[in-house]
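Report on the structure given below.
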Amino acid sequence: MDLLAILKRSEGKTLEFKRDRPFRSPHSGMLMPTYKGNKGNLLQHWVLVELVELIRTGMSSAALLCFIDAHAMSPYASPSGQGDKVFGRAQSTLPGQRSLYEQSWLELRKNLRVDYPTSALFVRHLWPGGIKFVLCESDSRSVDDIAQWHQSFAHEVPMDLHFGDWRDRFRRGFSGGDGVCLVSFDPFMYDRNGPPRRPNPGNLYPPDLELIGEALRDLKSVPLVLQLSTYSANNSNSLPDVLESVENTLKSAGLKRYAAVRANGNMMSLVFTRDFAEIQDANLEQRFSDWLDRVPK
Ligand SMILES: C[S@@+](CC[C@H](N)C(=O)[O-])C[C@H]1O[C@@H](n2cnc3c(N)ncnc32)[C@H](O)[C@@H]1O
């Protein structure tokens, strides 16, 4: 069991929090930002870390990296519940297989406030050159946490922090520039049959992909890598159908499929690139599956 996640010290007393309900602040009783602690987290970040490394080795020098995350999350989130076993085992055996992901995860946890690192933390930890962040987050407490985390290095990493739906930020477009761009979408799911009458803003739907394509048009001058994950096949969203739907729409924005990394019948992380000839084939799906199989049972 992950003691760091359940034990928090307050005024000298050790407080124990049940992990099967939303985390509440011991001071205010308010709901705090959470992360799931499941195979989906492993998939999202194992792939992300590999992409950062692939981009780094594909660039001749440490270029400026623009990292755009539509679903940024709090760097100080707590687990929302029990999580799943494989996540717990990976976390409690760090650095495990000593993959770049596990080593970075362990190093980032040296900061006592970080229980599970966000994508932005992994990116900052791994990228050797300059970084520019565009982070979108719809939860106010998570936005406050991101702003607080950023304070100590704001002089070296500019950040455009959008509080609200990522769609509003993307409608404003992005200014082109130098370097390379990594764009991340980590919704609950991609629903190729949506949007329904009452859309869930945490999901992605086909018109969202058109908006993404439109927004990324302005970045035509820079090599681009895009990661988009989905975690549910509900509502007739088998992974092959999702892949076809996403690929067809992003193709019209000039994005080419680089990888489809499946974790099971529900979870998949898709990677697309544009103008990134240097990125080598890294066999991500097989390597993720091998890595996952070797997490202790
Ligand atoms: C699964 S977490 C994302 C994790 C993050 N990408 C990472 O791996 O570090 C989902 C986050 O997205 C935020 N979110 C959900 N829907 C959103 C939306 N429409 N626009 C912006 N943020 C959203 C949630 O508040 C939550 O913090």
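Take Arg172 and tell me if it is within 28 Å of Trp291 (Cβ to Cβ) and charged (D, E, K, R). Please lay out each step first, then the result.
On the way: within 28 Å of Trp291 (Cβ to Cβ): no; charged (D, E, K, R): yes.
Here the answer is no, as Arg172 does not meet what is asked.
Which residue out of Ser184, Ser142 is of a type in the set (Gly, Ala, Ser), within 12 Å of the ligand (Cβ to nearest atom) and in contact with a strand residue (DSSP E or B) (Cβ under 6 Å, 6 or more places away or on another chain)? Break it down into steps so the answer makes sense when it comes.
On the way: Ser142 fails: in contact with a strand residue (DSSP E or B) (Cβ under 6 Å, 6 or more places away or on another chain).
Exactly one residue qualifies, and that residue is Ser184.
I'd like to know if the stretch 252-269 contains one or more residues that are over 26 Å from Asp168 (Cα atoms) and over 19 Å from the mean Cα position of the chain (by Cα).
For the stretch 252-269, residues over 26 Å from Asp168 (Cα atoms) and over 19 Å from the mean Cα position of the chain (by Cα): present.
For the stretch 245-257, which residues satisfy the criterion of being touching a residue at least 40 places away in the same chain (Cβ under 8 Å) and assigned to a helix (DSSP H, G or I)?
Within the stretch 245-257, Ser245, Val246, Thr249, Leu250 qualify.
Among all residue pairs at least 6 apart or on different chains, which show Cβ distances below 7 Å where the first residue, located in the stretch 32-44, is among the aromatic types (Phe, Trp, Tyr) and the second is surrounded by fewer than 23 Cβ atoms within 10 Å (Cβ to Cβ) and assigned to a loop (DSSP other than H, G, I, E, B)?
Between residues of the stretch 32-44 that are among the aromatic types (Phe, Trp, Tyr) and residues that are surrounded by fewer than 23 Cβ atoms within 10 Å (Cβ to Cβ) and assigned to a loop (DSSP other than H, G, I, E, B), the close pairs are Tyr35/Ser80.
Looking only at the stretch 270-288, filter to residues that are in a helix (DSSP H, G or I) and touching a strand residue (DSSP E or B) at 6+ places or on another chain (Cβ under 7 Å); which one of those is nearest to Asn41 (Cα to Cα)? Step through it out loud before you land on a result.
Step one: list which residues in the stretch 270-288 are in a helix (DSSP H, G or I), which gives 284-288.
If we keep only those that are touching a strand residue (DSSP E or B) at 6+ places or on another chain (Cβ under 7 Å) too, we end up with 284-285, 288.
On the way: Leu284: 16, Glu285: 15, Phe288: 13 Å.
Here the residue is Phe288.
Of all residues being of a type in the set (Lys, Arg) and at pLDDT 95 or above in the stretch 185-220, which is nearest to Cys66 (Cα to Cα)? Just the residue, please.
Taking the stretch 185-220 first, the residues of a type in the set (Lys, Arg) are 192, 197-198, 217, 220.
Keeping just the survivors that are at pLDDT 95 or above gives 192, 197-198.
Numbers: Arg192: 28, Arg197: 35, Arg198: 33 Å.
Taking the candidates together, the pick is Arg192.
Exactly one condition in (1) more than 26 Å from Met59 (Cα to Cα); (2) in contact with a helix residue (DSSP H, G or I) (Cβ under 6 Å, 6 or more places away or on another chain) is not met by Arg172; state its number.
The failed condition is (2).
Is it the case that the stretch 161-173 has a residue that's of a type in the set (A, V, I, L, M), within 21 Å of Ile68 (Cα to Cα) and under 15 Å from the mean Cα position of the chain (by Cα)?
First, pick out the residues of the stretch 161-173 that are of a type in the set (A, V, I, L, M): 161.
Imposing the further condition that a residue be within 21 Å of Ile68 (Cα to Cα) reduces the set to 161.
Checking which are under 15 Å from the mean Cα position of the chain (by Cα) leaves us with none.
So far as the stretch 161-173 goes, no, none of its residues is of a type in the set (A, V, I, L, M), within 21 Å of Ile68 (Cα to Cα) and under 15 Å from the mean Cα position of the chain (by Cα).
Given (1) of a type outside the set (Phe, Trp, Tyr); (2) within 16 Å of the ligand (Cβ to nearest atom); (3) in contact with a Pro (Cβ under 7 Å, 6 or more places away or on another chain); (4) modelled with pLDDT under 95, where does Arg56 come up short, assuming only one miss?
Every condition holds for Arg56 apart from (2).
Given the options Leu126, Leu182, Leu108, name the one that is buried (at least 16 other Cβ atoms within 10 Å of the Cβ), at pLDDT 95 or above and over 21 Å from Ala63 (Cα atoms). Explain how you work it out, then say what you get.
Working: Leu126 fails: over 21 Å from Ala63 (Cα atoms); Leu182 fails: over 21 Å from Ala63 (Cα atoms).
Only one candidate passes the filter, namely Leu108.
I'd like to know if the stretch 16-31 contains one or more residues that are modelled with pLDDT of 70 or more and hydrophobic (A, V, I, L, M, F, W, C).
Filtering the stretch 16-31 down to residues modelled with pLDDT of 70 or more leaves 31.
Subset that is hydrophobic (A, V, I, L, M, F, W, C): 31.
Yes; the residues of the stretch 16-31 include at least one that is modelled with pLDDT of 70 or more and hydrophobic (A, V, I, L, M, F, W, C).
Considering only residues that are assigned to a loop (DSSP other than H, G, I, E, B) and within 20 Å of the chain's Cα centre (by Cα), look in the stretch 187-203 and name the one that is farthest from the ligand (Cβ to nearest atom).
Initially, the stretch 187-203 is screened for residues assigned to a loop (DSSP other than H, G, I, E, B), giving 187-189, 191-203.
Filter once more, so that each one left must be within 20 Å of the chain's Cα centre (by Cα): 187-189, 191, 200-203.
Values: Pro187: 7, Phe188: 7, Met189: 11, Asp191: 13, Asn200: 8, Pro201: 4, Gly202: 4, Asn203: 8 Å.
Step by step, filter the stretch 187-203, then rank; the result is Asp191.
Give me the pairs, please: first residue somewhere in the stretch 201-218 and farther than 25 Å from Asp139 by Cβ, second residue anywhere and surrounded by fewer than 16 Cβ atoms within 10 Å (Cβ to Cβ), beta-carbon distance under 6 Å, and either six or more positions apart or on two chains.
Matching pairs, first to second residue: Asp218/Gly173; Asp218/Gly176.
The values are calculated or read from the model by the stated rules, or taken from the named source; none is laboratory data. Computed from a prediction, not measured in an experiment: that's the story for all the values here. Note that each Cβ is placed from the backbone with ideal geometry, even for glycine, and that neighbours are counted across all protein chains shown.
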